[in-house]
Structure formats: structure tokens, C-alpha cells
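Contents: one structure, followed by commentary.
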């Protein structure tokens, strides 16, 4: 229990640092100048619409099935490689206003405090990207799982690569936790996205 509390304190400290601005946050999340603004998207592609918003979404076990991975470089969110998945999550939240809380889960491929911090920082980076693109921060919760929920054999390079991931999960609908489960999904550490 003490170890879990220590990890939670470290993650919450990382969340507080992330709220201070992009220089204090391990992963950067500022939108690039070429990203469309939320105003550009609302017209369904009008106003020079470089991007057509997603209108169809796949859900499995309350998880949003992303069109591709959300990718991180050595220390920051790779926005160009993650663009399709990030906009997919954004458009889902815009279209589904009854989803009152979405959990952004960071999963890692290694054990230890560093992996927990990294998975939490990556979840926060995704959440901050969404907020920078118009999603209400009150609708997002960043959760750090570290290596606690592997989906593949961690003894192989391929398995470790599959275990390093961001998942986006419906946590509450119309203000009610789904299935009576905790909105943090049982994460060892979780942090709200708003300051």
C-alpha cells in the first residue's frame, strides 16, 4: 500500500508539473501551427476544411478502437505520427457529449517507478493535446498503469512494443460511472487534467 501511495504522489507531482506549461512537462503537447483549430472543424469541413471530422467510431469493452497508435518519440508526443488517432479521440468526444468522463490510459512495457511516471506523463500529454484542441479538461482523466496490464508477452521485443500503448476508455456516461466501476479503472495512479 505504501508503494502504491508513493507512486501516486510521484504521478500527481508530474501532473502538477505538466499543468505549469510545456517547458515543465516531460512530453510537449502544444499544437503545431498546421493543426486545424476547433472552429475550423465545426463546419463539417467548411472554411478551407483541410480535415474531415470522423463521424463513425468503434468501441470494444468501452475502449475506443483507435485507427492507429498514439506514438511518442524519446521525450515528446509525435503529433504527426499520431494525428489520425488524436483527431479520432477528439471527434469522438465532440460527437458524444453524453460521455462525461474519458480515461486516457498510459501503459508501459517495463516495471518500476520510472515506467509508472512515463506512462502517466504520456497519458497527460494526450489529454493536454485534446484540451489544446478544445476538449473540456473536466471530461478527461489521465491514468498511469505502467506495466500492470500487459497485452502481450513482455519477454519479446514485439510483445514489449505492443504493451507500450495509450488506450482511451469511456469512464462515465451522463455523470454516472460505467458499470459502477471506479472511473480510474483501478489504475495505480490517476490525475485530473484540469489545473
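The values are calculated or read from the model by the stated rules, or taken from the named source; none is laboratory data. Being a predicted model, the structure only gives us computed values, none of them experimental. Because the Cβ atoms are built from the backbone with ideal geometry, glycine has one as well, and the counts that use them run over all protein chains shown.
Just one residue in the set 144, 187 is at negative phi, in contact with a strand residue (DSSP E or B) (Cβ under 7 Å, 6 or more places away or on another chain), surrounded by 20 or more Cβ atoms within 10 Å (Cβ to Cβ) and in a loop (DSSP other than H, G, I, E, B); that residue is 187. Counting the residues of the stretch 135-145 that are free of Cβ contacts under 8 Å to residues at least 60 places away in the same chain and more than 9 Å from the chain's Cα centre (by Cα) gives 6. Close contacts from the stretch 69-80, counting a first residue that is in contact (Cβ under 8 Å) with a residue 40 or more places away in the chain and at positive phi and a second that is outside any loop (DSSP other than H, G, I, E, B) and crowded, with 16+ Cβ neighbours inside 10 Å, with Cβ to Cβ under 6 Å and a gap of 6+ residues or different chains, come to none at all. In the stretch 158-184, what residues are assigned to a loop (DSSP other than H, G, I, E, B), under 18 Å from the mean Cα position of the chain (by Cα) and surrounded by fewer than 17 Cβ atoms within 10 Å (Cβ to Cβ)? Listed by number, the list holds a single entry, 182. The requirement of being touching a residue at least 60 places away in the same chain (Cβ under 8 Å) and in a loop (DSSP other than H, G, I, E, B) is fulfilled nowhere in the stretch 113-131; no residue meets it.
What residue, among those in the stretch 112-134 that are more than 12 Å from the chain's Cα centre (by Cα) and surrounded by fewer than 20 Cβ atoms within 10 Å (Cβ to Cβ), is modelled with the lowest pLDDT?
112
Results for (1) surrounded by fewer than 21 Cβ atoms within 10 Å (Cβ to Cβ); (2) assigned to a loop (DSSP other than H, G, I, E, B); (3) modelled with pLDDT under 95; (4) in contact with a strand residue (DSSP E or B) (Cβ under 7 Å, 6 or more places away or on another chain), shown as yes or no for each residue.
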residue	(1), (2), (3), (4)
75	yes, yes, yes, no
86	no, no, no, no
94	yes, no, no, no
105	no, no, no, yes
110	yes, yes, yes, no
